[in-house]
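Here's the structure we're looking at; comments come further down.
Rule-based calculations on the coordinates, nothing more; no lab input. Source: prediction; values computed, not measured. In this analysis, Cβ positions are derived from the backbone assuming ideal geometry, glycine residues included, and neighbour counts consider all displayed protein chains.
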């Protein structure tokens, strides 16, 4: 679940970045590429064009949280 959620979030973010470069120019594209909050602001400001990729990000985050940390990463955490 964690990996599927990460993949969905990644696809949604790339989709929004492409929309930012294509529709609103270089500054929104670079801002969305380098800074996550700018990406979310852009997606909300242009909701009509970005509702599907924004939904992918939301579903991906939910799946990632529900899936928890991958077991190979969890086994490397220090124990007390």
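The number of residues in region 1-41 that are in contact (Cβ under 8 Å) with a residue 60 or more places away in the chain and more than 20 Å from residue 59 (Cα to Cα) comes to 0. Note on region 20-48: residues that are surrounded by 14 or more Cβ atoms within 10 Å (Cβ to Cβ) and either touching a helix residue (DSSP H, G or I) at 6+ places or on another chain (Cβ under 6 Å) or closer than 23 Å to residue 65 by Cβ (or both) total 13.
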